[in-house]
Ligand code: NAD
């Protein structure tokens, strides 16, 4: 399994051979390489690029809590704010033992591109605490979250920096952040975080949004490459929030979802699985293999199935130099964050296998987070239909923008997405100018 301290690789097809590429590299290394790579395609001020290689601010805090055994445990927390030229910082809070300052900076930079690709008026940030949340009781997690929120209170807020759930955190964690922040501010401020439970200002459709956006982009890619969705076979790795929602939607739109998997392995039916009867990770964790199916496959085999569309939607770094030559899917849609290593991206580029990047495909999450923030600051909840309609509109607009770059510059889809993102961020910087 990939280390969570590594993250999306980007296409480095023009930068040396696969053997020369060290895998995995850190989140920050990847983010800086991709920035430089995208900048090479654009006529932008090198000073702006230099500025974007660095975060605007990194807050490092100590988070002490009293454990249930009476001992005080002291954890380190971070909030790395990369860029806010287009709006308040936005990005997840991660609770994981491998959380580091550098990782938060790299992932925060990557959030800048994700928001820019979607044309959402937010910048990029990431934060977290170096802790294994499984070692804590619920009460200890709540205490940790409240204390951490207080430590970073000065740098977050609905117009400054809006955290969201990430690895090891969930809607309940966000409710605690909102409560701790609101108590100190003396008023209820739901817009300080997104990904909250709907009862305290969360948005309808937020949970399913990343999977929905993956399905929308897969549908557009299927159409772009001249296929009929009713005759398209799909394999999905991971049957959690992203994988199960994407699989069920594509199934509902007529695609033939032939394989799905969870951490234990996958099931395969050449005639198509009934995805709605397979338990998702949320409904029953790791139960895909309990579902009746003609054949089973390992997770490695699933990636190499002869399908039209492959959707890795579980973890990062599953498509690598070791298996990229054996992948025979016609199109890859990145559901997970960073499923394709730099070396694998280069191999797919050489083999003309299009890879639609994560920063577009799973951006439904941050997009509906933006809708949640709009609902919170306007104190007006949207219907699920409205959320889904607006998500569809935003995804199609982003797809169209990236498609134009892809066609006019003859670059990979990943490069096209980064070019769209960087040109928006760079233009905003050039227009606003450097202070003082
Ligand atoms: P999840 O926890 O809901 O589900 C993960 C699924 O992957 C489960 O079915 C699990 O069994 C399976 N899995 C875990 N390890 C595996 C392995 N080694 N091989 C195969 N399957 C494995 O997670 P999720 O929220 O669906 O997230 C999946 C990916 O999508 C992650 O990369 C995440 O960062 C990314 N993502 C999630 C969101 C979101 O809001 N949920 C948004 C954008 C991106």
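Bear in mind these aren't lab numbers, they're just calculated from the coordinates by the rules spelled out. Keep in mind it's a predicted model, so treat the numbers as computed, not measured. Virtual Cβ from ideal backbone geometry, glycine too; neighbours counted across all protein chains shown.
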### Task
Specify whether the C-alpha gyration tensor of the range 55-191 places it in the rounded, prolate or oblate class, a ≥ b ≥ c being the square roots of the eigenvalues: rounded for a/c under 1.5, otherwise prolate if a/b is larger than b/c and oblate if not.
prolate
#### Entry: Ranking of 160, 204 by count of other Cβ atoms within 10 Å, fewest first
160, 204
### Query
Of all DSSP beta bridges in the chain, what percent run antiparallel (nearest 5)?
55 percent
### Message
I need the fraction of alpha carbon pairs in the chain separated by more than 29 Å, rounded to a whole percent.
### Response
44 percent
### Task
With an 8 Å cut-off on Cα pairs and a minimum separation of 6 or more residues, tell me the relative contact order of the chain in percent.
18 percent
## Note on the structure
So for R0 = 22 Å, FRET eff. of residue 403-residue 326 from the Cβ-Cβ r, to 0.05, ends up at 0.20
### Task
Arrange 393, 100 by Cβ neighbour counts within 10 Å, fewest through most, would you?
393, 100
### Message
Of all beta bridges DSSP finds with both residues in the range 55-191, what is the antiparallel percent, to the nearest 5?
### Response
70 percent
### Task
State the antiparallel share, in %, of DSSP beta bridges confined to the range 209-361, rounding to the nearest 5.
35 percent
### Query
the range 401-426 to the range 75-95: how many Å between their Cα centroids?
25 Å
### Task
From the C-alpha gyration tensor of the range 209-361, pull out the three semi-axes of the equivalent ellipsoid (sqrt of 5λ each), sorted largest to smallest, in whole Å.
21, 17, 14
### Message
With 10 angstrom as the radius, rank 225, 418, 78, 268 by how many other C-beta atoms surround their C-beta, starting from the fewest.
### Response
225, 268, 78, 418
### Message
Under the √(5λ) rule applied to the eigenvalues of the Cα gyration tensor, what semi-axes describe the equivalent ellipsoid of the range 308-436? Give them in Å, descending.
### Response
30, 21, 14
### Message
Bin width 10 Å, origin at 0, all Cα-Cα pairs of the range 364-412: what percent of pairs per bin?
### Response
24, 39, 22, 13, 2
### Query
According to the square roots a ≥ b ≥ c of the eigenvalues of the Cα gyration tensor, what is the shape class of the range 178-280, taking rounded for a/c under 1.5, prolate for a/b larger than b/c otherwise, and oblate for the remainder?
prolate
### Summary
Expressed in angstrom and rounded, the centroid-to-centroid distance over alpha carbons for the range 355-377 and the range 125-149 is 24 Å
### Summary
Rounded to the nearest Å, the spacing of the alpha-carbon centers of the range 34-71 and the range 207-254 is 32 Å
### Task
Classify the range 296-357 as rounded, prolate or oblate from the Cα gyration tensor: take a ≥ b ≥ c as the square roots of its eigenvalues, call it rounded if a/c is under 1.5, otherwise prolate when a/b beats b/c and oblate if not.
rounded
